[in-house]
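This report concerns only the one structure given below.
The values are calculated or read from the model by the stated rules, or taken from the named source; none is laboratory data. Owing to the predicted nature of the structure, the values given are computational and were not obtained by experimental measurement. So basically every Cβ, Gly included, is an ideal-geometry build from the backbone, and we count neighbours across all protein chains shown. Accessible surface areas use protein heavy atoms only, side chains included; no ligands, DNA or RNA. Shrake-Rupley method; radii C 1.70, N 1.55, O 1.52, S 1.80 Å.
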Amino acid sequence: TPGGGDMTATPVITPGTGVYTTPQSVTITCSTAGATIYYTTDGTNPVLTSSVYSAPISVTGSTTIKAMAVAPGMDPSYVATAVYTYPVVLQSVTALRQAPADNTTIYQLNAEVYLSFQQAFRNQKYFQDDQAGFLVDDQAGVITTPLNVGDGVEGLVGKLSEYGGMIQFIPTSNTF
């Protein structure tokens, strides 16, 4: 226990860590009465000279918020962290196929694509537009919206990876 005294409660950041496609209004609360909350938006740990939380924080792009609380006569809280990830927006399947398949970057495809094939094995689907196509490997079953061959969707969100020389799209949300 740091300092051996009573510890200020760890702040709660709402909404929490996630992938978002719309602006978020982030609130930070602390259950310790009279606590002052200090925060940063650059991923560094807050200190007593950091910004003091007084109103919701507007998050519109990839951001890491860290917060700690301090109350009179108590030890500072642990640092709370929330990571907001916004996808790289791409406007065509061709641009998607040219993007790095690093299995880390999250992409949002803002082009209408059509389902041309699907199978139960790994919940695989093949989407295409009039220029190119790509395989969706949805082993985790992230896409839960029922789709039929010929259905058009827009706004697929996920990561790109490579397997056996083939680029595959791994969905991270059922958003489209």
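Miscellaneous remarks
- Test result for residue 95, loosely packed, with under 15 Cβ neighbours inside 10 Å, out of contact with any helix residue (DSSP H, G or I) (no Cβ under 7 Å at 6 or more places or on another chain) and without any contact (Cβ under 8 Å) to a residue 40 or more places away in the chain: no
- For residue 37, the conditions (1) modelled with pLDDT of 95 or more; (2) open to solvent by 30 Å² or more (accessible area, probe 1.4 Å); (3) not acidic (Asp, Glu) all hold with the exception of (2).
- You will find that of 111, 80, the residue that is of a type outside the set (Val, Ile, Thr), open to solvent by less than 30 Å² (accessible area, probe 1.4 Å), out of contact with any Phe, Trp or Tyr (no Cβ under 8 Å at 6 or more places or on another chain) and within 30 Å of residue 40 (Cβ to Cβ) is 80 and no other.
- Residue in the stretch 150-164 that is surrounded by 16 or more Cβ atoms within 10 Å (Cβ to Cβ) and of a type in the set (Ser, Thr, Tyr) present: no
- Test: residue in the stretch 94-117 that is within 22 Å of residue 135 (Cα to Cα), of a type in the set (Asp, Glu) and within 25 Å of the chain's Cα centre (by Cα): yes
- Enumeration of residues in the stretch 5-31 that are loosely packed, with under 13 Cβ neighbours inside 10 Å and modelled with pLDDT under 95: 5, 6, 18, 22
- Taking the stretch 56-77 as the range and being open to solvent by 50 Å² or more (accessible area, probe 1.4 Å) and more than 20 Å from the chain's Cα centre (by Cα) as the test, the residues that pass are 72, 73, 74, 76.
- Filter pass, residue 49 being among the hydroxyl-bearing types (Ser, Thr, Tyr) and either under 25 Å from residue 106 (Cα atoms) or touching a residue at least 60 places away in the same chain (Cβ under 8 Å) (or both): no
- The residue list 167, 106, 143 contains one member that is touching a residue at least 60 places away in the same chain (Cβ under 8 Å), over 30 Å from residue 12 (Cβ atoms), open to solvent by less than 60 Å² (accessible area, probe 1.4 Å) and of a type in the set (Val, Ile, Thr), which is 167.
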